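So the structure is just underneath, and the comments pick up after that.
The values are calculated or read from the model by the stated rules, or taken from the named source; none is laboratory data. Values in this document were obtained by computation on a predicted structure and should not be read as measured data. Heads up, the Cβs are rebuilt from the backbone with ideal geometry, glycines too, and the neighbour counts pull from every protein chain shown. These accessible areas exclude ligands, DNA and RNA; they are computed on the full protein's heavy atoms, side chains included. Shrake-Rupley method; radii C 1.70, N 1.55, O 1.52, S 1.80 Å.
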Amino acid sequence: MRNIRQTLAGFVPVLATVVTLIPLTHRAGIVVLGAAVSMMAARSGRGHGPWRLLLVPAGALVIAAFAVLFHAAHAYGDAFFVLTVAAATAARAFGPAAGHLGRALVLPLIGMLIAPVDPGGHPWRTLAWATLAVFVAEVYALAGRPLGGTEAESAPSSTAPARIHVWRGVQSALALTLAFTIGQTVFGEHWAWTVISAYTVGAAARSRGDALLKGAHRTLGALGGTLVATGLALAVGDHRSIAVVLLLAVLAAGFHLRQFGYAWWAASVTAALALLYSLVGVTGTATLPLLGARLLAVVAGALCAVLPAAFVAPVRTGAVLRKRTAECLRAIRDGEHASALRGLAALRESAAPLLAIRRFHDRRELRWVDALSALEPDLHALAAGDEDPAALRRVRKVLAPVAEDLRAAAGR
């Protein structure tokens, strides 16, 4: 049931945004921009409150600056994009509020890559439509939050030192600079695919291993989506109504499956792209070169994000797990069981790179994850106010050996 709510919370705002914008404007780029911002706002639901609507004018200025600079000279637009994203990433060093502000301003900027808005002969009119699209998307994303429950709101904030966020900003700048250079040099008018891939892989990477895992998932997802999309594109042909139905079905499936792995989401987006081509008149075998080029661009973008994360002030996955484990143990010791559950969820997410290679290389940190995960039912009961002596004994029995092993690992 919770999975269904989360799917609805992501998909319904996107559908509502599209249904609202289509009667207002016949410009497909504006509708796609609104849908893209709605998808990203739904995925970054943590910290998404009514105050975000007040930032729409600021987002409009970001859109206007990028659109005008990029269409004046690509180098100016590229530099503006890189500096804005890097500053928004580094802003997390100043606290959660600054991080939320940075993400809110970057969302429309990423949306512009997915659906470029050309100011053309009527720049202010075009940018006004783009601002309206962002506003509609934000309103529906805010309205859809109750559908997904409170999981996004309860996610723990980052506790990384300020210098880590600053270095992540540097890594973002390097990754995006590489992506713009390679994309515009090799992939021509489809350069944005490389930049989007670099951003999605590197923006939320918690460690060097996390960046590698996300890059692998995005590549595998794009490959699987390309295979599916090829069949869909050939089958749909120029039947626009069928393409619309399949497009919505693919996106809904992607929202549901993304909780099981980012590769599923990447695959659904790739398949949806093929169907989108059929809506704009690119059908049949004409889609095949585009899908092949997109796969290469995705791989190139993922590598652009992985290289800085691996070699420029890298954050080791083991260090992240030691920190997360200590935070979880501290919360359990202090009787803050609800906080411990949130810390446990963050610990499991941080352990994903090591879990992926566990069959080949089993690390001691994974034993901590296993031991603390086994306590989850007891922690839920204690967080609900059930002072079960047996549950308390089981929790205390696990804490001591995990804490001792953690101290030994930290000393080493």
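In table form, for the structure just shown:
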| item | result |
| --- | --- |
| Residue match in the stretch 271-288 (condition: over 30 Å from V369 (Cα atoms), open to solvent by 40 Å² or more (accessible area, probe 1.4 Å) and at pLDDT 75 or above) | no |
| Counted residues, the stretch 227-242 - those being assigned to a helix (DSSP H, G or I) and surrounded by fewer than 22 Cβ atoms within 10 Å (Cβ to Cβ) | 10 |
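For (1) open to solvent by less than 30 Å² (accessible area, probe 1.4 Å); (2) in contact with a helix residue (DSSP H, G or I) (Cβ under 7 Å, 6 or more places away or on another chain); (3) at pLDDT below 80; (4) assigned to a helix (DSSP H, G or I), each residue gets a yes or a no:
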position: P146; (1), (2), (3), (4): no, no, yes, yes
position: H165; (1), (2), (3), (4): yes, yes, no, yes
position: Q184; (1), (2), (3), (4): no, yes, no, yes
position: E189; (1), (2), (3), (4): no, no, no, yes
position: T194; (1), (2), (3), (4): yes, yes, no, yes
position: S197; (1), (2), (3), (4): yes, yes, no, yes
position: V201; (1), (2), (3), (4): yes, yes, no, yes
